[in-house]
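Contents: one structure, followed by commentary.
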Amino acid sequence: MSNESRIDIRKVTKLFGGAKAVNEVDLTIEGGAYCCMIGPSGCGKTTLLRMIAGHETPSSGTISIGGQDVTALKTGSRGTALMFQNYALFPHMSLTDNVGFSLKVRGFSADQRRTAAREMLDRVQLLHLADRVPSELSGGQQQRVALARALITNPKVLLLDEPLSALDEFLRLRMRVELKRLQSELGITFVHVTHTQPEAIALADQVVVMDHGVVEQAASPREIYNRPHSPYVARFMGGQNVLGGKVEKLDGNVAVIAGPDGTRYDLTDAAGLKAGDAVKFSVRRDRIDLSDARSEARNATSGKVINIEYQGTFVKVSLDTGLREEFIVYMDDADYFAAPKEVGQEVRATWQPCLNHFLRGTNDSAGMPHE
Ligand code: ATP
């Protein structure tokens, strides 16, 4: 299945009036991959999904599936199925008839439809409810019917528009596991639009982070999380502090950065930088030590504790370091409770220089919705 279900998006732009909802997107989604598209509201992810499905036509550029240019093909003939956010089930039809409906449109006999629909309902563990109508189901069950209905056409690509957003937290986590299981059983490509970072990280082989109609970064969840491309990706995906400064000098591939308060940071992998360049870099919030000591260490920052939040497995400590952005430290809960902090206390945060990750991309926005 893998090459058959690969998606190649080449220079795709979508204009609504004069506004570019999607701007020259180039993206390859490997066949059989679980791809999650994420970005602030209005960044163009749904429009891109709808263009893959054939519900919108690109203003320019091409979309291929399995090597075939499908840009001008109708929705039903490009090997995709779209699962809608509101499930769009037929209220008066049984689950069997709901799931088998698209086969009716394609001319299959009543028997064929019934057999195929029951197989699909079995796959999503709803065969025992096959004769019910949608209003007799829970939200999670309705969602599985919608999934079965999308999958019955045997698509190469399943497109999911915020499939979990209507569910409560408990069901959302259960359905997440279910989606991943289905995707690996079927071996087809899933493209899933989400607002939720942990959902993207947990599900995807490939995370596509968008902003203002462009793809900011497309990579594995680990790469996106550990090596964000730009300050925007680091802030939007979370778990990072973004710092900045000017290159003071270079020592081989290590740049010495002078922060606005005079603190020095060592940035490895600084190839291409020169003295005087303004740079941004990130440091993971969970790799930082907090102490009361006032040392003159490099790769450190000091500030006043302004908020403490217990998160179960870790404690989130927010510092005001005099910069625009709060500096956040995730402390292991045992370490925290061995030496608790207090709001108002002055502390020093230190970390290993190898944790400074150079943010080469220039998008410095905060990742807010594009309303
Ligand atoms: P959300 O997460 O809120 O669903 P999104 O990232 O999916 O947002 P899109 O729905 O793709 O964003 O919208 C991208 C931009 O295109 C927005 O500015 C939106 O207002 C605009 N847009 C989308 N569909 C249309 C349309 N049919 N006509 C005009 N403008 C549209």
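The values are calculated or read from the model by the stated rules, or taken from the named source; none is laboratory data. Worth saying up front: this structure is predicted, and the values here are computed from it rather than measured. Note that each Cβ is placed from the backbone with ideal geometry, even for glycine, and that neighbours are counted across all protein chains shown.
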Note to self: Based on this model, can you work out whether Phe108 counts as among the hydrophobic types (A, V, I, L, M, F, W, C), more than 24 Å from the chain's Cα centre (by Cα) and not in a helix (DSSP H, G or I)?
What the structure shows: yes
Next item on the list: Considering (1) assigned by TED's automatic domain parsing to the domain that holds Ala81; (2) farther than 19 Å from Val22 by Cβ; (3) surrounded by fewer than 17 Cβ atoms within 10 Å (Cβ to Cβ), say which one Glu199 fails and leave the rest.
Entry: (3)
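Conditions tested, residue by residue: (1) crowded, with 17+ Cβ neighbours inside 10 Å; (2) within 25 Å of the chain's Cα centre (by Cα); (3) outside the structural domain of Val193 (by TED's automatic domain parsing); (4) not aromatic (Phe, Trp, Tyr).
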{"position": "Cys36", "(1), (2), (3), (4)": "yes, yes, no, yes"}
{"position": "Thr46", "(1), (2), (3), (4)": "yes, yes, no, yes"}
{"position": "Ala53", "(1), (2), (3), (4)": "yes, yes, no, yes"}
{"position": "Ser59", "(1), (2), (3), (4)": "no, no, no, yes"}
{"position": "Val70", "(1), (2), (3), (4)": "yes, no, no, yes"}
{"position": "Leu73", "(1), (2), (3), (4)": "no, no, no, yes"}
{"position": "Ala81", "(1), (2), (3), (4)": "yes, yes, no, yes"}
{"position": "Lys104", "(1), (2), (3), (4)": "no, no, no, yes"}
{"position": "Arg113", "(1), (2), (3), (4)": "yes, no, no, yes"}
Next item on the list: Only residues that are polar (S, T, N, Q), at pLDDT below 95 and either surrounded by fewer than 18 Cβ atoms within 10 Å (Cβ to Cβ) or farther than 16 Å from Arg348 by Cβ (or both): list them for the stretch 302-335, please.
Entry: Gln311, Thr313
Next item on the list: Determine whether the stretch 3-18 contains at least one residue that is modelled with pLDDT under 95, within 12 Å of the ligand (Cβ to nearest atom) and either surrounded by fewer than 22 Cβ atoms within 10 Å (Cβ to Cβ) or under 29 Å from Val177 (Cβ atoms) (or both).
Entry: yes
Notebook entry, point to check: Within the stretch 240-255, which residues are in a strand (DSSP E or B) and surrounded by fewer than 18 Cβ atoms within 10 Å (Cβ to Cβ)?
Noted result: Lys246, Glu248, Lys249, Leu250, Asp251, Val254
Check: In the stretch 19-58, what count of residues is obtained for those that are β-branched (Val, Ile, Thr) and near the ligand (Cβ under 10 Å from one of its atoms)?
Finding: 4
